[in-house]
Structures are given as structure tokens and as C-alpha cells.
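Colleague: One structure, pasted below without further comment.
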Amino acid sequence: MTTKEEIREEIAELEHLQWASWARVRNPEHPLIHVPYPDLTEEQKDQDRKYADRVLWYLHSQGVVIKIKCPDCEWSQFGDGESVGMTPCFSCNSTGYVFKPLIEE
């Protein structure tokens, strides 16, 4: 299951790659263009996380959600469309999955 924080870090890493590509053209001597995202300091990563947060808010404003396994039923242990005659689950309508917003309000 992918959490909001994992999505945020992936977007932040993509932002760093995008910035590094741009910086190579504009300022090829910049010391951070060859530093991979995991090797940045927390302060440097926070700069990329600011942009990741903006992307997350945009996706949230457009109604983008994440699909997770239903925590309330036994249907989530089976694959899509697999029916084995279990008790119906009203949380997920017996699909095994629920949808959550990217950002909890």
C-alpha cells in the first residue's frame, strides 16, 4: 500500500530530477545537480517537498484518490472479482477495496 508520505517523497524526488535537468543547462557548475535525492540534506529535500505538496494539493482538488485494501473485511485478501461466498462487507461493497483521498482533511 502506498501512503501519502511515500507519494510525497516520490514526487519530491521527481521534482529534484526535473530541477537538476533544468540546472544543468542554466548553471552546469551548481553543486547539487549530480547529487541524488536520497543523498540531499533534509533541508534540501524540504525544498523539493514544497513542490510535491503543491502537486498533491492540485491532485486532491481534482478528486484524485488512492485505492487501498478494505480494513473492515475479508474480501481484501482475494483478487479482483474473486467470490467465495463470504459475509458481505458494507464498507467496500464486497469489492475488497476502498478509496481514500490523497490528503486527509
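A short reminder: the numbers here are calculations on the coordinates, not readings from a lab. Keep in mind that this is a model prediction, so the values were computed, not measured. Every residue, glycine as well, gets a Cβ built from its backbone with ideal geometry; the counts of neighbours run over all protein chains shown.
Colleague: Would you tally the net charge around Asp46, using a Cβ to Cβ cut-off of less than 14 Å, leaving Asp46 out, and scoring K and R as +1, D and E as -1? Each step should come with its number before you reach the end.
Modeller: On the way: positive: Arg8, Lys45, Arg49, Lys50, Arg54; negative: Glu5, Glu9, Glu13, Glu15, Glu42, Glu43, Asp48, Asp53.
Charge balance in the 14 Å sphere: -3.
Colleague: If you take every residue apart from Ile33 with its C-beta less than 15 Å away from the C-beta of Ile33, what net charge results, scoring Lys and Arg +1 and Asp and Glu -1?
Modeller: Details: positive: Arg24, Arg26; negative: Glu13, Glu15, Glu29, Asp39, Asp48.
So the surrounding residues net to -3.
Colleague: Leaving out same-chain residues fewer than 8 places away, which lysines sit with a Cα under 25 Å from that of Lys45?
Modeller: Candidates past the 8-residue exclusion: Lys4.
Colleague: Kindly put His60, His16 in sequence by how many other C-beta atoms sit within 10 Å of each C-beta, fewest to most.
Modeller: Ascending number of Cβ neighbours within 10 Å: His60, His16.
Colleague: Using modelled amide H (1.01 Å from N, peptide plane; none on Pro or chain starts), what sits under 5 Å from the amide H of Leu102, excluding residues fewer than 5 places away?
Modeller: Ile66
Colleague: Right, something else. Sticking with the crude label model, points 7 Å out along Cα→Cβ, report the distance from Ile66 to Val35 in nm, one decimal please.
Modeller: According to this spin-label approximation, the distance is 2.7 nm.
Colleague: Now a separate question. Apply the Karplus curve 6.51 cos²θ - 1.76 cosθ + 1.60, θ = phi - 60°, to the phi angles in segment 4-10 and return the couplings in whole Hz, x for Gly and Pro.
Modeller: Listing the rounded values in order: 4, 5, 5, 5, 4, 5, 5 Hz.
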